[in-house]
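The values are calculated or read from the model by the stated rules, or taken from the named source; none is laboratory data. What you see is a predicted model, and the numbers here were worked out from it, not measured in a lab. Cβ coordinates were reconstructed from backbone atoms using ideal geometry, including for glycine residues, and neighbour counts include every protein chain displayed. The area values use the complete protein model at the heavy-atom level, side chains included, leaving out ligands, DNA and RNA. Shrake-Rupley method; radii C 1.70, N 1.55, O 1.52, S 1.80 Å.
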Amino acid sequence: MSEVPDDRQYSKEHEWAKEDGSRILVGITHFAQDQLGDVVFVGLPDAGTEVEAGKPLGEVESTKSVSDIYSPVSGKVGEKNAAVEATPELVNRDPYGDGWLVSIEPSGSLEGLMDSAAYQKLLDES
Amino acid sequence: MSTLERSAGTRIPEGETFPLIFERSREGRRAWSLPEVGVDAPSLDELIPADQRRAAPPRLPEVSELDLVRHYTRLSQRNWAIDVGAYPLGSCTMKYNPKVAEDAAAMPGFSRLHPMADDDLAQGALELLGTLEKALCNATGMARLTLQPAAGAQGELTGLLIMRAHHKKQKSERRRVIIPDSAHGTNPASVSLAGWKAEEVRSDDRGLVDLEALEKALDDDVAGIMLTNPNTLGLFERDIVEIGRMVHEIGGLLYYDGANFNSIVGLCRPGDMGFDIVHMNLHKTFATPHGGGGPGSGPLAVSDRLEKFLPKPVLSWDEGAERWFWDDDRPDSIGRIHSFFGNFGINVRAYTYLRSLGPEGLKSVAEHAVLNANYLRVLISEAFPTAYPGTCMHEFVATAKPLKKFGVKGMDVAKRLIDLGYHPPTVYFPLVVEEALMVEPTETESKETIDGLAAALNQIAHEAETDPDLLHNAPVTTPSRRPNEAEAARHLKVRWTPE
């Protein structure tokens, strides 16, 4: 069973996006980290990088595979989580908290993302 | 034979620590002794100027000959090998490497031949290479090939450089190469290395290239497509002729990754399917040593129109002088991609394999590889269903997903299989299948061996339900237990330093 907190929104690629003041925090879901297994490397874009919704913004490598992280929203990277680059296991330990990946100053909206109920339904069907 | 007996057979006491050769070193101990020099030796200063000599001798292990022999023999006993047991590592084609090929490669005419020898002193060796080229071209349906690439991935790079040279000659600027999501893992890496951008095209619910998605991806910026057929799911791309037509229509080229050639060799040919560039892995399909370093050999074959771009020198036959020679006069060649002529000794082994089988034998290789894979697929299908329905080619991708409810993963199945006396299949690849187990028994395993492997896998599925910790803790019969892969990847240590 995967946890799906209802204080944020989700992409079908298993990223989450959470409004935090004027910025949006982005990470991968509990389901995604469980599928990946032990995360050993996280590659994130530097502050100021332009990102586009649905396009890769970085990558996460586990003992199984390397996967792209898709940006759930268009905008500019405000900050990357340096802690997660130094300690990638944070993504496994706390995907919705300390394991966040980047903050984005959005130029677009979060429209098109799923709420927790819709995301849970997607997981149930997979 | 029980697993404990099997493990005891390697005579490795439980808990034995295994020192490095450096730790066995004792000052002054030697594996050799030479008589006194009987002539006046020139001084070292005369031979090598002082400023080009190292200040201190290198720190090499000092051991006796017996220490040395025991060290490496015991090390080899800790290893798994095709000469020890079955090795169904999907996509790797771990078939038996016939010993007659070793005999041939050890013949002094081959093994003692100097790579700088004049062509006139090496006509026999050159004839072997020329005959091997012709046989491999016949098997793939291509015009010419180079034996230079040392492995499949180097063949891929060579092929992509030829693709680039072709487009350059056509004055056509292209930036993308299409790769299906069921492709071989090295393909995107080779595309990057060649300076292009890889673009993924998804599979459809048959596990084959989605023609609609391909149509959308194709435009005049696409240099070509890299495909293996059958694909990594062990499925034959039925639409290959249509795919070829679509790619050629936009001026692209078709690259054939020979990773899975074992399933069609002697039966059908990439050249007839419309491929322009083909690599083979002699260490897979043509039974040269593999696993443990090889070395490999990844010949690259091309169609007529790409022949002029092949790496040089190209081996040619001088009709008038009736002799083989290396032709360097190749103005359009992409240049040399390996020193001398590739891994020559490996090519001798592949030649021997081809000659000992003949065309009919080669055909039965593919037929038995496909038969063995399907036999095993069905035997384990209840516990480990395949991700896509239907008959497979030389390998299949099953899933360990049904065991998830017991807290057991594909990796646990693989590790437990070691305890039961088999090399694990490839796990977690291809990525399009959850908890993937990619199994390739090859044609050289007997029915009894495959029955044993199936029984072991079915036993593991039962154990997952009754005693999952047995699987979590596996392997328990090996000198090294399960490594902490995450820790090893996060804090990689590959260098030993003395205290």
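Can you tell me which residue is nearest to residue B:476 (Cα to Cα) among those in the stretch B:6-31 that are surrounded by fewer than 10 Cβ atoms within 10 Å (Cβ to Cβ) and at pLDDT 90 or above? It comes out as B:27.
May I ask you to verify whether residue A:16 is under 19 Å from residue A:126 (Cβ atoms), more than 14 Å from chain B (Cβ to nearest Cβ) and not polar (S, T, N, Q)? Step through it out loud before you land on a result.
Numbers: under 19 Å from residue A:126 (Cβ atoms): yes; more than 14 Å from chain B (Cβ to nearest Cβ): yes; not polar (S, T, N, Q): yes.
Considered against the rule, which asks whether it is under 19 Å from residue A:126 (Cβ atoms), more than 14 Å from chain B (Cβ to nearest Cβ) and not polar (S, T, N, Q), residue A:16 comes out as yes.
Restricting A:60, A:84 to residues that are part of a strand (DSSP E or B), within 14 Å of another protein chain (Cβ to nearest Cβ) and open to solvent by less than 40 Å² (accessible area, probe 1.4 Å) narrows the list to A:60. In the stretch A:63-78, the qualifying residues are those that are touching a residue at least 40 places away in the same chain (Cβ under 8 Å) and out of contact with any Leu (no Cβ under 9 Å at 6 or more places or on another chain), and the one that is farthest from the other protein chains (Cβ to nearest Cβ) is A:78.
Examine the stretch A:1-11 for a residue that is within 14 Å of chain B (Cβ to nearest Cβ), without any contact (Cβ under 8 Å) to a residue 12 or more places away in the chain and open to solvent by 20 Å² or more (accessible area, probe 1.4 Å), and state whether such a residue exists. Reasoning before the result, please.
Residues of the stretch A:1-11 within 14 Å of chain B (Cβ to nearest Cβ): A:1-2.
Remaining after also requiring without any contact (Cβ under 8 Å) to a residue 12 or more places away in the chain: A:1.
This time we only want the ones that are open to solvent by 20 Å² or more (accessible area, probe 1.4 Å), so: A:1.
Checked the stretch A:1-11: at least one residue is within 14 Å of chain B (Cβ to nearest Cβ), without any contact (Cβ under 8 Å) to a residue 12 or more places away in the chain and open to solvent by 20 Å² or more (accessible area, probe 1.4 Å).
Just one residue in the set B:397, B:494 is modelled with pLDDT of 95 or more and either open to solvent by 50 Å² or more (accessible area, probe 1.4 Å) or of a type in the set (A, V, I, L, M, F, W, C) (or both); that residue is B:397. May I ask you to list the residues in the stretch B:81-125 that are within 17 Å of residue B:290 (Cα to Cα) and among the polar types (S, T, N, Q)? Of everything in the stretch B:81-125, those that are within 17 Å of residue B:290 (Cα to Cα) and among the polar types (S, T, N, Q) turn out to be B:91, B:93, B:97. Looking at the stretch B:86-181, the helices (runs of 4 or more DSSP H) lying wholly inside it that each contain 2 or more residues that are acidic (Asp, Glu) sit at B:99-106, B:123-140. Of A:111, A:89, all but one fail to be acidic (Asp, Glu) and either open to solvent by 50 Å² or more (accessible area, probe 1.4 Å) or away from every other protein chain (no Cβ under 14 Å) (or both); the exception is A:111.
Quick one: would you say residue B:368 is surrounded by fewer than 22 Cβ atoms within 10 Å (Cβ to Cβ) and either in contact with a strand residue (DSSP E or B) (Cβ under 8 Å, 6 or more places away or on another chain) or within 14 Å of chain A (Cβ to nearest Cβ) (or both)? Against the criterion (surrounded by fewer than 22 Cβ atoms within 10 Å (Cβ to Cβ) and either in contact with a strand residue (DSSP E or B) (Cβ under 8 Å, 6 or more places away or on another chain) or within 14 Å of chain A (Cβ to nearest Cβ) (or both)), residue B:368 does not qualify.
Go through the stretch B:376-385 and report how many residues are open to solvent by 30 Å² or more (accessible area, probe 1.4 Å) and either assigned to a loop (DSSP other than H, G, I, E, B) or touching a helix residue (DSSP H, G or I) at 6+ places or on another chain (Cβ under 6 Å) (or both). Please lay out each step first, then the result.
First, the residues of the stretch B:376-385 that are open to solvent by 30 Å² or more (accessible area, probe 1.4 Å): B:377-379, B:381-382, B:385.
The next check asks that each one be either assigned to a loop (DSSP other than H, G, I, E, B) or touching a helix residue (DSSP H, G or I) at 6+ places or on another chain (Cβ under 6 Å) (or both); those that pass are B:379, B:381-382, B:385.
Qualifying residue count for the region: 4.
Quick check on the stretch A:32-54: of everything there that is open to solvent by 40 Å² or more (accessible area, probe 1.4 Å) and in contact with an Asp or Glu (Cβ under 9 Å, 6 or more places away or on another chain), which residue is farthest from the other protein chains (Cβ to nearest Cβ)? Per the stated criteria, the residue is A:47.
Between B:87, B:72, B:96, the distinction of being at pLDDT below 95 and either assigned by TED's automatic domain parsing to the domain that holds residue B:451 or among the hydroxyl-bearing types (Ser, Thr, Tyr) (or both) belongs to B:72 only.
Selection within the stretch B:401-439: residues that are within 13 Å of chain A (Cβ to nearest Cβ) and among the acidic types (Asp, Glu). The member of this set that is most open to solvent (accessible area, probe 1.4 Å) is B:434.
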